[in-house]
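The values are calculated or read from the model by the stated rules, or taken from the named source; none is laboratory data. All values reported here derive from a predicted model rather than from experimental measurement. So basically every Cβ, Gly included, is an ideal-geometry build from the backbone, and we count neighbours across all protein chains shown.
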Amino acid sequence: MAEPTGPTDSHWPLWEVFTQGNVGEPFEHAGSLHATDAEHALQNARDVYARRGEAMNLWVVPSTAITASAPSDAGPFFDPGNDKAYRHPQFYKAPRGIRVF
Amino acid sequence: MATLRGSRLYSLLHMTTTIRQLPADDPAQVAAFEALIAAGESIEPKDWMPARYRSQLTRMMSQHAHSEVVGMLPEGNWITRAPSLRRKQSLIAKVQDEAGHGLYIYCGTETLGVDRFDLFNQLLDGTAKYSSIFNYPTLSWADMGVIGWLVDGAAIVNQTVLAKTSYGPYARAMVRICKEENFHKRQGYEICTVLANGTPAQRAMLQDAVDRFWWPSLMMFGPSDTNSLNSGELLRWKVKRKTNDELRQRFVNLTIPQAQALGITVPDPDLRFDPETKNWVFGEIDWSEFQQVISGNGPCNRERLEARRKAHDDGQWVREAASAHAAKRARKTEAA
């Protein structure tokens with residue numbers, strides 16, 4: 001068996017792929033892939049994640065460029081948004097019989 | 001280093017050390033993890049997980065990815081001999097899908113902190129396992145129909161449940177794959193339908209293919225629950241949602257009416273419908289054959305790995321060229 005030598009594709013940079021299904025829709029994370037550079041990543045992303053018209057547009061982002069929140073700190077980190085019931089419509093009472101919505 | 005990494009010894013060493021070095025998990029963290037699973041939450045790459053969960057998923061997902069990649073070979077074999085342009089383009093599209101499925105799942109394994117290079121080497125040096133079904137030869141055109149119908153059909157039954165697996169990246173890859181597998185199954189069943197309505201020779205060819213692929217398809221669901229070493233833990237952690245035997249039964253129940261519609265039989269004299277359970281009860285599987293094929297002694301194990309190694313080696317210049325091209329472009333951008 002030939003020994004794997006030289007550049008191997010899994011040691012190329014990792015890219016995260018985002019697809020937009022239709023114009024106006026948000027971009028969604030589709031998956032990741034390895035590619036030598038941005039253009040190569042875009043071409044591979046088309047072949048891997050858009051073989052059936054799943055995407056109108058593609059983004060490829062170097063995985064290392066993404067900063068993510070840490071699951072272990074999720075509690076305190078999202079806390080400011082979790083205890084403010086008054087930011088939801090259900091917090092407010094409307095008189096009986098009146099349709100506000 | 002390249003030589004050592006590529007060697008069988010390295011992989012063996014690597015695998016054993018991985019197993020031995022599993023650190024003891026903190027009981028409090030395990031309890032929190034199991035509470036998340038019990039609440040039906042999905043586990044994401046950055047979440048804490050028991051070392052054993054990580055290693056079991058790595059094992060399952062890499063075997064799954066290898067199966068997709070090796071699965072290209074039996075069908076690739078028939079691309080040049082497809083009977084019409086329509087069939088040929090379907091087959092090419094299907095084989096390309098399998099490559100894509102392999103990539104989705106390899107990418108999933110990388111979120112567990114594994115290097116795809118190492119997994120690939122384990123496949124190429126023969127230490128990794130992949131689905132036993134791909135070690136059977138594809139002898140006639142009817143095999144292309146029967147593989148789409150039975151093998152992809154079995155894969156759909158398995159993967160539909162895996163789409164609800166507790167590990168997020170694996171589940172998402174499965175959702176994507178299931179959508180595409182439906183095309184695989186339907187194009188296979190269409191081939192079978194045409195042959196079933198064809199000449200006596202075509203019907204005989206179809207029956208022969210079903211006779212050869214029926215039992216190996218049932219074996220795709222893995223060992224019986226009584227002999228499945230990994231099942232208990234995987235079910236508890238909701239990596240698996242149904243047992244091997246439950247999935248196998250579901251597949252048989254779905255498939256027998258499809259076989260009847262084609263007017264062909266499956267090679268099982270014990271097959272009968274149980275009106276009480278509404279199950280198609282099938283005969284005993286030859287587990288010695290399964291063990292033989294899984295441990296490398298199937299009809300095509302050696303041929304498949306040789307073809308895979310050749311494809312990998314033949315692709316080396318493409319990888320080198322892509323790297324060289326990117327380096328050259330980077331230099332140009334710097335200079336400008």
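Numbers at a glance
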| read-out | value |
| --- | --- |
| Filter result (assigned to a loop (DSSP other than H, G, I, E, B) and hydroxyl-bearing (S, T, Y)) within segment B:115-161 | B:T127, B:Y130, B:S131, B:Y136, B:T138, B:S140 |
| Subset of segment B:91-107 that is surrounded by fewer than 21 Cβ atoms within 10 Å (Cβ to Cβ) and of a type in the set (A, V, I, L, M) - its residue that is farthest from B:G188 (Cα to Cα) | B:A99 |
| Given (1) more than 27 Å from B:Y170 (Cβ to Cβ); (2) in contact (Cβ under 8 Å) with a residue 12 or more places away in the chain, index of the condition A:T64 fails | (1) |
| Flag for B:L112 being closer than 26 Å to B:L235 by Cα and part of a helix (DSSP H, G or I) | no |
| Subset tally (residues that are over 22 Å from B:E303 (Cα atoms), surrounded by fewer than 19 Cβ atoms within 10 Å (Cβ to Cβ) and either more than 9 Å from every other protein chain (Cβ to nearest Cβ) or among the β-branched types (V, I, T) (or both)) for segment B:112-142 | 2 |
| Pairs, first at the interface with chain A (Cβ under 7 Å from one of its Cβ atoms) in segment B:318-330, second loosely packed, with under 14 Cβ neighbours inside 10 Å, C-beta under 6 Å, six or more apart | B:E320/A:G6 |
| Considering residues of segment B:150-185 that are over 15 Å from the mean Cα position of the chain (by Cα) and surrounded by 24 or more Cβ atoms within 10 Å (Cβ to Cβ) only, the residue farthest from the other protein chains (Cβ to nearest Cβ) | B:T165 |
| B:Q96 being over 25 Å from A:P13 (Cα atoms), free of Cβ contacts under 8 Å to residues at least 60 places away in the same chain and of a type in the set (S, T, N, Q) | no |
| Residues of segment A:20-53 satisfying the condition of being assigned to a loop (DSSP other than H, G, I, E, B), touching a Ser or Thr at 6+ places or on another chain (Cβ under 9 Å) and either facing chain B (nearest Cβ under 9 Å) or of a type in the set (G, A, S) (or both) | A:T36, A:A50 |
| Neighbours by Cβ (under 6 Å, 6+ apart or cross-chain): first from segment B:31-42, modelled with pLDDT of 90 or more; second part of a helix (DSSP H, G or I) | B:S42/B:G168 |
| Odd one out for A:A68 among (1) within 8 Å of another protein chain (Cβ to nearest Cβ); (2) surrounded by 15 or more Cβ atoms within 10 Å (Cβ to Cβ) | (2) |
| Lone unmet requirement of (1) facing another protein chain (nearest Cβ under 7 Å); (2) at pLDDT 95 or above for A:S10 | (2) |
| Residue match in segment B:279-286 (condition: in contact (Cβ under 8 Å) with a residue 40 or more places away in the chain, of a type in the set (A, V, I, L, M, F, W, C) and not in a loop (DSSP other than H, G, I, E, B)) | no |
| Selection count, segment B:229-265, where residues are in contact with a Phe, Trp or Tyr (Cβ under 6 Å, 6 or more places away or on another chain), closer than 27 Å to B:E276 by Cβ and not charged (D, E, K, R) | 5 |
| Selection from segment A:19-30 of residues that are under 25 Å from B:G168 (Cβ atoms) and either surrounded by 21 or more Cβ atoms within 10 Å (Cβ to Cβ) or of a type in the set (V, I, T) (or both) | A:T19, A:A30 |
| Members of segment B:228-262 that are in a helix (DSSP H, G or I) and β-branched (V, I, T) | B:V252, B:T255, B:I256 |
| Those residues of segment B:45-90 which are under 30 Å from A:S69 (Cα atoms), away from chain A (no Cβ under 14 Å), surrounded by fewer than 21 Cβ atoms within 10 Å (Cβ to Cβ) and among the hydrophobic types (A, V, I, L, M, F, W, C), in sequence order | B:A51, B:M60 |
| Filtered residue count, segment B:249-266, keeping only those that are without any contact (Cβ under 8 Å) to a residue 40 or more places away in the chain and closer than 12 Å to B:S217 by Cβ | 1 |
| Some residue of segment B:207-225 being surrounded by 20 or more Cβ atoms within 10 Å (Cβ to Cβ), without any contact (Cβ under 8 Å) to a residue 24 or more places away in the chain and within 24 Å of B:V70 (Cα to Cα) | yes |
| Complete set of residues in segment B:73-95 that are in a helix (DSSP H, G or I) and closer than 18 Å to B:R309 by Cα | B:L73, B:P74, B:E75, B:G76, B:V95 |
